[in-house]
């Protein structure tokens, strides 16, 4: 069954046309968004470390994992809005699409306000539970409290961007990110260097940049002349849509939170091998984060692709979509692995100071970890493809279970393997987790896909 969707120039109709081209057009802006986001975050670290000292640097760095734990559940819920909006958009259900948009934006505002209060109240106690050193805990709590004041803006942007991704628009969120990122960099330099605000200055700059991206995405929705046009007078909570959004979004949020928690545990295992291992692990992870953007982008593409085609009851394109994303994944895996074999060490060297003692050892550790990740990279692409496809089709049980499987595999492998192969065992724990989770999602996809397609044709 085919569907014709009225489009503006930014939208991508996933229900018609060449699949490979659609996936690439959707994914490339997301890849650039991920890379730029990491680069802008790196600028934050460089500015505060260079001009405010090591304590300020440690204070900002120590909050990352905690912020992710606090926010992942609510960010995951935005996936529910994305999937529901994609279905209504492809099915041409304008009234339902409009009500989904207004319900999602209202949820974003409420969740942002809740998170602002949680951050203000719980910042210091939570940092204390993480054994944050006494010499940085006050600075860390200042950063977190100011950062969480911007949470309503952060949530509104993410939910607004999720709606745009649902209709295939990934170009304008990229533009908004570029604008807010440049503003963030300029504001950080101004507040830290000129006004000497240190950690507080970095946090204020981040909040203002979040406000900018929020205003841009809301303006985009407001100015739209489509079914996803936003009118603030229509903001509401529709129980039926909240239920559907939560049925997809809450499991996705739990999955993301669990995976992030397992990353914290993996970091703890690495820490036990000393500062050289920590430095190498950190450097490799920074480079890996950039490389991971490709798999994440393909995942978002498949969520929108499956959501639109299920909404349009276009069962014939389901299998073709999976085949196309696996081909793209294989091509990107080969390209990335080749690039890292040729240029991995020089790139890792950008994240390590050659003047510090043990820099050569840290580089060796980083390269070893990077090569282990490269050996399992295709498993990561498969995991993202199948898990995101299931989420786009509304199948949330196994994707959520796979998050717990990842955590358990990371924990188990990180505890057992180092006994036999030293610190390399911690590195292999990451790859083992990907393989385990990918296998779960792949098997469940092929168990369920027949019934899903039959239901689409009814």
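Between 123, 128, 90, which is touching a helix residue (DSSP H, G or I) at 6+ places or on another chain (Cβ under 8 Å), more than 26 Å from residue 199 (Cα to Cα) and at pLDDT below 95?
On the way: 123 fails: more than 26 Å from residue 199 (Cα to Cα); 128 fails: more than 26 Å from residue 199 (Cα to Cα).
Checking each option against the conditions leaves just 90.
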task = Kindly indicate whether residue 242 is within 29 Å of residue 73 (Cα to Cα), in contact (Cβ under 8 Å) with a residue 24 or more places away in the chain, assigned to a helix (DSSP H, G or I) and not assigned by TED's automatic domain parsing to the domain that holds residue 38.
result = yes
query = Can we say residue 74 is surrounded by 18 or more Cβ atoms within 10 Å (Cβ to Cβ), farther than 20 Å from residue 238 by Cβ and within 24 Å of the chain's Cα centre (by Cα)?
reply = no
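One line per residue, one yes/no per condition, for (1) outside the structural domain of residue 310 (by TED's automatic domain parsing); (2) within 24 Å of residue 325 (Cβ to Cβ); (3) modelled with pLDDT of 90 or more:
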| site | (1), (2), (3) |
| --- | --- |
| 382 | no, yes, yes |
| 387 | no, yes, yes |
| 402 | no, yes, yes |
| 409 | no, yes, no |
| 417 | no, no, no |
| 420 | no, no, no |
| 434 | no, yes, yes |
query = What is the number of the single condition among (1) closer than 30 Å to residue 318 by Cβ; (2) touching a helix residue (DSSP H, G or I) at 6+ places or on another chain (Cβ under 9 Å); (3) assigned to a helix (DSSP H, G or I) that residue 15 does not meet?
reply = (3)
message = I need the full set of residues from region 402-452 which are under 27 Å from residue 91 (Cα atoms) and surrounded by fewer than 17 Cβ atoms within 10 Å (Cβ to Cβ), in order please.
response = 446, 447, 448, 450, 451
inquiry  = Which condition from (1) under 20 Å from residue 311 (Cβ atoms); (2) outside the structural domain of residue 404 (by TED's automatic domain parsing) is the one that residue 215 breaks?
reply    = (1)
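Rundown of residues vs (1) crowded, with 17+ Cβ neighbours inside 10 Å; (2) in contact (Cβ under 8 Å) with a residue 12 or more places away in the chain; (3) more than 19 Å from the chain's Cα centre (by Cα), yes/no style:
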site: 178; (1), (2), (3): no, yes, no
site: 192; (1), (2), (3): yes, yes, yes
site: 237; (1), (2), (3): no, yes, yes
site: 248; (1), (2), (3): yes, yes, no
site: 258; (1), (2), (3): yes, yes, no
site: 279; (1), (2), (3): yes, yes, yes
query = Mind checking which pairs have a first residue in region 50-69 that is at negative phi and a second that is at pLDDT 65 or above and outside any helix (DSSP H, G or I), Cβ under 6 Å, 6 or more apart or different chains?
reply = 62/132
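Residues to consider are 284, 294; find the one that is at pLDDT 90 or above and assigned by TED's automatic domain parsing to the domain that holds residue 346. It would help to see each step written out before you state the result.
Details: 284 fails: at pLDDT 90 or above.
Of 284, 294, the one residue that is at pLDDT 90 or above and assigned by TED's automatic domain parsing to the domain that holds residue 346 is 294.
Is it fair to say residue 172 is more than 30 Å from residue 90 (Cα to Cα), in a helix (DSSP H, G or I) and in contact (Cβ under 8 Å) with a residue 24 or more places away in the chain? Let's see the steps before the verdict.
On the way: more than 30 Å from residue 90 (Cα to Cα): no; in a helix (DSSP H, G or I): yes; in contact (Cβ under 8 Å) with a residue 24 or more places away in the chain: yes.
When the stated conditions are applied, residue 172 does not pass them.
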ask   = If residue 231 passes every condition in (1) free of Cβ contacts under 8 Å to residues at least 24 places away in the same chain; (2) out of contact with any helix residue (DSSP H, G or I) (no Cβ under 7 Å at 6 or more places or on another chain); (3) in the same structural domain as residue 92 (by TED's automatic domain parsing) but one, which one does it miss?
value = (1)
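Select, from 33, 98, 3, 52, the only residue that is over 30 Å from residue 137 (Cβ atoms), at pLDDT below 90, assigned by TED's automatic domain parsing to the domain that holds residue 186 and in contact with a helix residue (DSSP H, G or I) (Cβ under 9 Å, 6 or more places away or on another chain).
Values: 98 fails: at pLDDT below 90; 3 fails: assigned by TED's automatic domain parsing to the domain that holds residue 186; 52 fails: over 30 Å from residue 137 (Cβ atoms).
Unique residue meeting the criteria: 33.
The values are calculated or read from the model by the stated rules, or taken from the named source; none is laboratory data. Keep in mind that this is a model prediction, so the values were computed, not measured. Glycine also receives a Cβ, built like all others from the backbone with ideal geometry; neighbour counts cover every protein chain displayed.
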